[in-house]
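Report on the structure given below.
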Amino acid sequence: MAVNHSSPSVPAIPHHLEHNAFKYRPDIDGLRAIAVLAVVGFHAFPAWIQGGFVGVDIFFVISGFLISGILFKELDNASYSIVQFYQRRIRRIFPALLLVLFLSSVLAWFILLPGEYQQFGTHVLAGVGFVANLVLWSESGYFDSAVEAKPLLHLWSLGVEEQFYIVWPLLLALIWKTRSHIAWVLGGLALASLGLNLWQTGQDATAAFYAPYTRFWELLIGAALAYWRFMQKDPAPALGAWRASGLSATGLGLILASCTLLDKTQVFPGWRAVLPVAGSAMLIATGPHAWVNRHVLANRVMVWIGLISFPLYLWHWPLLSFAHILDNATPTRPIRLAMVLLSFVLAWLTYQWVEKPVRYQLKGHRPLLVLIILALALAGWGALGMQGKVAPRHTNPDLQRVLEASKDWAYPDHLAKMQIDGQRINYLTAGTSSTLMLGDSHIEQYSPRILALHQQQPNRLNTVYWSTTGGCPPIPQVFNGAQQSCDKALNAALALIRQRPVENIVIGGCWNCYFNPPPEVAMTSCPSGQGLYFMENGQKADLQSEQGKLKAMAALGQLLATLSKTHKVYLLLDNPQHANQAPARYLRGSRWSALHLLPVSHTAIALDDATLALHAQLRQLAAQAGAETIDPLPSLCRDGNCAIASRDGQFLYKDNNHLRASYVAQQASYLDHTVLTRRPADIHALSRPSAPVRADQRKPPTTPPNGHPGQNRAANRPAQGDG
């Protein structure tokens, strides 16, 4: 996130005004306003400003332009000092940042649970150290906490920016004496970073989003603009009034198009990031006298919002995030609007009473020393919280049970890794025979059982491979709208069985999510097929449409039939799914006051007819293809009712659709025969499969919280915001 470096209402930094090409420009504060309004709007009302996340890219361009302009001027008149540069950065960044981190930490202590507070401590430490982007990158994955539950998530952009300013001033000082090469260096670095962005986005969009080297080109575009203006020695653009106004209008159009046409389901940054970056560059390049710049961006309201844009950016997300955590759902529109208005108030107060005094009124080294001490104190507090040595207010044992369950996931711990066709394959080397696990997180969840067998029966265990992608069904021609990578795991699996001897193939997935998503599960963590589509002859069919389901089911049957000709193939049916399987559903009370856990040892949820019908359909599909089915329902359910906890009150699930690692390791024996070398007694025992549960065998379950557990699920749906 870029920061404000100038202000029309206070004395600007003297060196910033000495060079005529870098006089204060109110239109750039107006451009900041567009950037911050886009980000705040996207976070508060994503249905209205679905591409507002590009505001960060606008900030990067602005920052590169202003900071590099200062550096060019100082290097030109021999007043450059790396020490003074970082002193200015501390005065600019730390006052508002430390205030937001401190007050957010106080609020977090009151409302977060122990595990949440540990993660918050990690993010405080990362925020102070400007490595939040790297920490969030390392945390990313299918089971990462929801972004709404990370109050300091937005500090990733500050990390990218400050990492750039660790490298750029030093590099610029080194090459300044050969000034004729600066344009080439700028262009080469920007193109290299852009190329890495395009390549990395295709390989791993999350890495491309957070990595500094895939974002530096955006700041370098701003730096290139600053160098062009510096070489002009004149603030007036050499474009002519009409051309400048046309170019600035085009730039504004590109930004508005990015905010309205892009959305979070599309691959980003990639080539799409070029749109807001190019638009920002056009607006800056045309100068303050272009019509859009003079009449729209330099408007007093826009300039005022631009002046408070940095504290506004810092305040808005923690408030929205804490509101989400307190509601355990997307806050209502009035609450989100209230948080946005409160953000404006806090941003103005921070600007007036914290930022301006520290930057312009408090002279000498003492303010810098105080800021550094406060930063170290906050970093220490964050480190203690991260290690669990500072506990939040909510610490009773019942809460710990919920947290332990929600974090109980082991894949891919203790597994080796290799790459096939760009897809990571995890594996456990054991016997000469081998088994391939193909699917999504609903087959990944069984890795603890395989590891337990490796400890208990190492001489009988096959070598086991996992080719999986969380949230992607193992079905040919099914793609994900955001990443288009759902076929990677399948293609890698097919390559693997061509390269290595594989006897058994187990195909599993969140079949209910893709073909029959329960409404209350679809609205929470289950992928529910959203964004997935079946592609045939260039035509897309949404996986949630009847046509998409039929085509995907047929493709799955064809895959089973093809593989069954040369391998022993198992189709793993799915475990039950229901919102009331999630441990957090049994917490009662308020995070503001006290929380307690409802009794769960005798709670069960009825199997619904849709799940049983889907299982029957999949059984028939497997039988026609010559594959064997494995059904976990007889182990998880009795008389048509499925427990959510053991008799001693230990939860069986980590969320509403994934089994806990500890339960799987001890109890999921129904998968053993696919990975163990069989003995005669085993073959005889396994020839008598468990009978599937029928609808007429079900008995009334114990009612879980939030209403009846059976067919009428509408009353159990969590509150949802309307965008």
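The values are calculated or read from the model by the stated rules, or taken from the named source; none is laboratory data. Note that the structure is predicted; figures quoted are calculated from it, not measured. Here Cβ is always computed from backbone atoms with ideal geometry, including for glycine, and neighbour counts include all displayed protein chains.
Per-structure values
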quantity	calculated
Residue pairs meeting the criteria (Cβ under 9 Å; at least 6 apart or on separate chains; first touching a residue at least 40 places away in the same chain (Cβ under 8 Å) and more than 22 Å from Phe322 (Cβ to Cβ), in the stretch 40-58; second crowded, with 24+ Cβ neighbours inside 10 Å and among the basic types (Lys, Arg))	Asp57/Arg215; Ile58/Arg32
Hits in the stretch 608-632 (condition: at pLDDT 90 or above and touching a His at 6+ places or on another chain (Cβ under 9 Å))	Thr629, Ile630, Asp631
Checking Gly127 against (1) over 30 Å from Gln352 (Cα atoms); (2) of a type in the set (Gly, Ala, Ser); (3) surrounded by 20 or more Cβ atoms within 10 Å (Cβ to Cβ), the condition it does not meet	(1)
Enumeration of residues in the stretch 460-476 that are β-branched (Val, Ile, Thr) and surrounded by fewer than 23 Cβ atoms within 10 Å (Cβ to Cβ)	Thr463
Of residues in the stretch 310-336 being β-branched (Val, Ile, Thr) and touching a helix residue (DSSP H, G or I) at 6+ places or on another chain (Cβ under 9 Å), the one nearest to Val36 (Cα to Cα)	Ile335
Number of the condition not met by Ser434 [criteria: (1) in contact with a helix residue (DSSP H, G or I) (Cβ under 7 Å, 6 or more places away or on another chain); (2) surrounded by fewer than 23 Cβ atoms within 10 Å (Cβ to Cβ)]	(1)
Evaluation of Val147 against (1) farther than 25 Å from Leu75 by Cα; (2) buried (at least 17 other Cβ atoms within 10 Å of the Cβ); (3) of a type in the set (A, V, I, L, M, F, W, C) (one fails), failing number	(2)
Among (1) part of a strand (DSSP E or B); (2) at pLDDT 95 or above - the single one Arg424 does not satisfy	(2)
Subset of the stretch 412-433 [polar (S, T, N, Q) and in contact with a Lys or Arg (Cβ under 7 Å, 6 or more places away or on another chain)]	Gln423, Asn426
Scope the stretch 631-661; condition buried (at least 19 other Cβ atoms within 10 Å of the Cβ), out of contact with any helix residue (DSSP H, G or I) (no Cβ under 6 Å at 6 or more places or on another chain) and either among the hydroxyl-bearing types (Ser, Thr, Tyr) or outside any loop (DSSP other than H, G, I, E, B) (or both); matching residues	Leu633, Leu636, Cys637, Asn641, Ala643, Ala645, Leu659
Residue match in the stretch 109-116 (condition: of a type in the set (A, V, I, L, M, F, W, C), buried (at least 19 other Cβ atoms within 10 Å of the Cβ) and outside any helix (DSSP H, G or I))	yes
Conditions (1) assigned by TED's automatic domain parsing to the domain that holds Trp511; (2) closer than 30 Å to Pro397 by Cβ; (3) touching a strand residue (DSSP E or B) at 6+ places or on another chain (Cβ under 9 Å); (4) of a type in the set (Ser, Thr, Tyr); number of the one not met by Ser601	(1)
Where a residue in the stretch 612-629 is within 24 Å of Cys642 (Cα to Cα) and its partner, wherever it lies, is in a strand (DSSP E or B), with Cβ under 6 Å and at least six apart	Arg619/Thr629; Glu628/Tyr570; Thr629/Leu571
From Phe65, Phe85, Phe110, Phe102, residue being in contact (Cβ under 8 Å) with a residue 12 or more places away in the chain and within 26 Å of Phe209 (Cβ to Cβ)	Phe65
Any hit, the stretch 117-128, residues being in contact with a His (Cβ under 9 Å, 6 or more places away or on another chain) and outside the structural domain of Ile82 (by TED's automatic domain parsing)	yes
Filter result for the condition that a residue is modelled with pLDDT under 95 and either closer than 19 Å to Asn293 by Cα or assigned to a helix (DSSP H, G or I) (or both), over Trp242, Trp217	Trp242
Restricting the stretch 439-463 to residues that are of a type in the set (Ser, Thr, Tyr) and outside any strand (DSSP E or B), the residue that is farthest from Leu573 (Cα to Cα)	Ser447
Qualifying residue in the stretch 258-265 (condition: in a helix (DSSP H, G or I) and either modelled with pLDDT under 95 or surrounded by fewer than 16 Cβ atoms within 10 Å (Cβ to Cβ) (or both))	yes
Residue in the stretch 231-240 that is buried (at least 19 other Cβ atoms within 10 Å of the Cβ), polar (S, T, N, Q) and out of contact with any Ser or Thr (no Cβ under 7 Å at 6 or more places or on another chain) present	no
Residue within the stretch 5-25 that is assigned to a helix (DSSP H, G or I) and either under 15 Å from Tyr313 (Cα atoms) or modelled with pLDDT of 95 or more (or both) present	no
The stretch 269-302: number of residues that are in contact with a helix residue (DSSP H, G or I) (Cβ under 7 Å, 6 or more places away or on another chain) and closer than 25 Å to Leu191 by Cβ	16
Selected residue (criterion: farthest from the chain's Cα centre (by Cα)) from residues of the stretch 320-335 that are under 14 Å from Val40 (Cα atoms) and crowded, with 22+ Cβ neighbours inside 10 Å	Leu320
Every pair of residues 6+ apart whose Cβ atoms lie under 6 Å, when the first sits in the stretch 191-216 and is farther than 14 Å from Val160 by Cβ and of a type in the set (Phe, Trp, Tyr) while the second is assigned to a helix (DSSP H, G or I) and at pLDDT 95 or above	none
Among the residues listed as Ala610, Ala579, Ala584, Ala665, the single one being under 24 Å from Pro517 (Cα atoms), of a type outside the set (S, T, N, Q), surrounded by fewer than 21 Cβ atoms within 10 Å (Cβ to Cβ) and under 30 Å from the mean Cα position of the chain (by Cα)	Ala584
